[in-house]
1. Tell me, yes or no, whether region 93-101 has at least one residue that is on the phi < 0 side of the Ramachandran plot, in a strand (DSSP E or B) and in contact with a helix residue (DSSP H, G or I) (Cβ under 9 Å, 6 or more places away or on another chain).
2. Got a sec? Which helices (runs of 4 or more DSSP H) wholly within region 1-71 have at least 1 residues that are within 30 Å of Ala100 (Cβ to Cβ) and at pLDDT 95 or above?
3. Please state which of the following conditions Leu84 fails to meet, knowing it meets all the rest: (1) over 17 Å from Asn4 (Cβ atoms); (2) open to solvent by 60 Å² or more (accessible area, probe 1.4 Å); (3) within 17 Å of the chain's Cα centre (by Cα).
4. Condition check: surrounded by 15 or more Cβ atoms within 10 Å (Cβ to Cβ) and free of Cβ contacts under 8 Å to residues at least 12 places away in the same chain. Does Val57 satisfy that?
5. For region 21-37, which positions are open to solvent by less than 80 Å² (accessible area, probe 1.4 Å) and touching a helix residue (DSSP H, G or I) at 6+ places or on another chain (Cβ under 6 Å)?
6. Within region 71-78, is even one residue open to solvent by less than 50 Å² (accessible area, probe 1.4 Å), in contact with a helix residue (DSSP H, G or I) (Cβ under 6 Å, 6 or more places away or on another chain) and either β-branched (Val, Ile, Thr) or under 20 Å from Phe95 (Cβ atoms) (or both)?
7. Would it be correct to say that Ser37 is of a type in the set (Ser, Thr, Tyr) and under 30 Å from Thr13 (Cα atoms)?
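The values are calculated or read from the model by the stated rules, or taken from the named source; none is laboratory data. All values reported here derive from a predicted model rather than from experimental measurement. Positions of Cβ are backbone-derived with ideal geometry, glycine not excepted, and every protein chain shown enters the neighbour counts. Quick note on the areas: whole protein, heavy atoms, side chains included, nothing else; ligands and nucleic acids left out. Shrake-Rupley method; radii C 1.70, N 1.55, O 1.52, S 1.80 Å.
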Amino acid sequence: MELNEYQQKAMTTCMASCDNFAYMMLNLVGELGEFASKVAKQIRKGNLDIDSNELRVTAKGMEELPADFLPELRKEAGDMIWQLSGLIHVMGWDFEDPAAENLEKLAARKEAGTIDGDGDGIIR
């Protein structure tokens, strides 16, 4: 599925009261928070650990991690995509445009050797 197609289909489920910048932006932050909170709670319980920037199931977590944990995270990821799509929609943009522009920016930063720094000011 193409990003613009997703955006068009996703916005058919958007209520009129939600089709605005404030809702989309604030709820995107909320969805990101829900995702992070689910991970944080499992870290607190000793079921997950972040090691070398990887999320790992601990030995304890093999038995204690809820069976629906990863499916629930995946649902939250879907909610984040919906909200981002909605935010882009209320800005009047097609989803694929900022995505393509981001890839162009990253390619220019990589070429300039600034992929790990502040390369947004690169003249293309």
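1. no
2. On the way: elements: 3-11, 21-44, 61-64.
Hits in region 1-71: 3-11, 21-44.
3. (1)
4. Working: surrounded by 15 or more Cβ atoms within 10 Å (Cβ to Cβ): yes; free of Cβ contacts under 8 Å to residues at least 12 places away in the same chain: yes.
Here the answer is yes, as Val57 does meet what is asked.
5. Matches in region 21-37: Met24, Met25, Asn27, Leu28, Glu31, Phe35.
6. Yes, region 71-78 contains a residue that is open to solvent by less than 50 Å² (accessible area, probe 1.4 Å), in contact with a helix residue (DSSP H, G or I) (Cβ under 6 Å, 6 or more places away or on another chain) and either β-branched (Val, Ile, Thr) or under 20 Å from Phe95 (Cβ atoms) (or both).
7. Values: of a type in the set (Ser, Thr, Tyr): yes; under 30 Å from Thr13 (Cα atoms): yes.
Yes.
Rundown of residues vs (1) in contact (Cβ under 8 Å) with a residue 12 or more places away in the chain; (2) charged (D, E, K, R); (3) in contact with a Leu (Cβ under 6 Å, 6 or more places away or on another chain), yes/no style:
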residue: Asn4; (1), (2), (3): yes, no, no
residue: Met24; (1), (2), (3): yes, no, yes
residue: Asp51; (1), (2), (3): no, yes, no
residue: Asp79; (1), (2), (3): yes, yes, no
